[in-house]
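Visitor: I am attaching a structure below and will ask some questions about it afterwards.
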Amino acid sequence: MKLSADCQPFLSGRRFSSHLEVKFDFDGDDHRYRSRVDWLLDICRGKQILHVGCVDHDIGSIRSKMLKRKWLHQLLVEVSACCHGIDLNAEGIEFMRTELGFDELTVANAVGDIPGEILNRNWDVLLLAEVLEHIGNPVDFLTRMYEKYRHCARELIITVPNAFAYENLRFIRRRKENINSDHFFWFTPYTLAHVVTEAGMSPGEIIMCRGGVVKPWQLYRNSRLSKNPLLRNNILMRIPLNQSNDQQSITFETEHDELRHAA
């Protein structure tokens, strides 16, 4: 799906409304309810990936997710042509290198000093999965990401938790909030697009998906979330970096069709 063109003046700050009703352009594929990992693996298959925040939270999280086949970096390495991981967590990177045998790794602040061999390569995807909600100033962070990587990466993919998630509504009814204590923000499709626009980029395709596993036996929930994409708990946004918007849009639409027919 995409934000309606009517939203563009508000995203760019040319117009203001204190009660904007945000509209979306849906297509038939938006009613397919899939997991975030499934979408990412399909998009990244056979490509050159630069994965920012590859460690996850800590070594314990890596061990636990590997046992369940849920650790994203491992799955990306298996399907991509190359997946290079960047993370500030030096202990986690060392564990990945020495204990798990991964060699395409760099300990670094993704918007700090990055080795030239990374910036001089051509990347198909710059991946920022479940990172932005941990950043205190997301506009500044994305602005610096754009300035640093726009010459070497074809597209940026961001995934974040969705504030409209069905699970959140259940807790709200009980007068509670259920949240990762390290998060600074909840996002919606519009607010994520607003942050991206303020950082100097143009929001592309938006895919509403499941942050965890889609369980086939949860028939009622799956049916409800298939009918209403905005209630899913994860937002995936594809953002063009070093191609014109028209060229990037054509490329994304072609890939989107290929993914749909392959599934």
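Visitor: Would the range 54-74 turn up any residue that is touching a strand residue (DSSP E or B) at 6+ places or on another chain (Cβ under 6 Å) and farther than 21 Å from Glu155 by Cβ?
Guide: yes
Visitor: Okay, next question. Anything in the range 34-53 that is farther than 16 Å from Thr159 by Cβ and either in contact (Cβ under 8 Å) with a residue 40 or more places away in the chain or in a strand (DSSP E or B) (or both)? List them, or say none. It would help to see each step written out before you state the result.
Guide: Of the residues in the range 34-53, the ones farther than 16 Å from Thr159 by Cβ are 45-48.
Correct list: Lys47, Gln48.
Let's see how each residue does on (1) more than 23 Å from Tyr149 (Cα to Cα); (2) touching a strand residue (DSSP E or B) at 6+ places or on another chain (Cβ under 8 Å); (3) buried (at least 16 other Cβ atoms within 10 Å of the Cβ); (4) modelled with pLDDT under 95:
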residue	(1), (2), (3), (4)
Arg170	yes, no, no, yes
Phe184	yes, no, no, no
Phe187	yes, yes, yes, no
Gly200	no, no, no, no
Arg210	yes, yes, yes, no
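Visitor: Moving on. Does Ile93 satisfy the criteria of being in contact (Cβ under 8 Å) with a residue 24 or more places away in the chain, of a type in the set (A, V, I, L, M), in a strand (DSSP E or B) and surrounded by 20 or more Cβ atoms within 10 Å (Cβ to Cβ)?
Guide: Details: in contact (Cβ under 8 Å) with a residue 24 or more places away in the chain: yes; of a type in the set (A, V, I, L, M): yes; in a strand (DSSP E or B): no; surrounded by 20 or more Cβ atoms within 10 Å (Cβ to Cβ): yes.
No; evaluated as a whole, the condition is false for this residue.
Visitor: For the range 59-66, indicate whether the set of residues that are of a type in the set (S, T, N, Q) and over 20 Å from the mean Cα position of the chain (by Cα) is non-empty.
Guide: Here is the first cut: in the range 59-66, the ones of a type in the set (S, T, N, Q) are 61, 64.
Next cut, over 20 Å from the mean Cα position of the chain (by Cα) only: 64.
For the range 59-66, residues of a type in the set (S, T, N, Q) and over 20 Å from the mean Cα position of the chain (by Cα): present.
Visitor: Specify which of the listed residues (Leu72, Leu100) is of a type in the set (A, V, I, L, M, F, W, C) and without any contact (Cβ under 8 Å) to a residue 40 or more places away in the chain. Step through it out loud before you land on a result.
Guide: Numbers: Leu72 fails: without any contact (Cβ under 8 Å) to a residue 40 or more places away in the chain.
Being of a type in the set (A, V, I, L, M, F, W, C) and without any contact (Cβ under 8 Å) to a residue 40 or more places away in the chain holds for just one of Leu72, Leu100, which is Leu100.
Visitor: Just checking: which of the helices (runs of 4 or more DSSP H) contained wholly in the range 162-227 hold 2 or more residues that are closer than 21 Å to Gly28 by Cβ and touching a residue at least 12 places away in the same chain (Cβ under 8 Å)?
Guide: On the way: elements: 166-173, 189-198, 219-227.
Ranges flagged: 219-227.
Visitor: When the residues of the range 1-19 are filtered to those that are aliphatic (A, V, I, L, M) and in contact (Cβ under 8 Å) with a residue 60 or more places away in the chain, which remaining residue is surrounded by the fewest Cβ atoms within 10 Å (Cβ to Cβ)? Can you show your working first?
Guide: Within the range 1-19, the first condition is being aliphatic (A, V, I, L, M), and the residues that meet it are 1, 3, 5, 11.
From what is left, the residues that are in contact (Cβ under 8 Å) with a residue 60 or more places away in the chain are 1, 3, 11.
On the way: Met1: 16, Leu3: 21, Leu11: 19.
By that ranking, first place goes to Met1.
The values are calculated or read from the model by the stated rules, or taken from the named source; none is laboratory data. Please read all numbers here as calculations on a predicted model, not as lab measurements. So basically every Cβ, Gly included, is an ideal-geometry build from the backbone, and we count neighbours across all protein chains shown.
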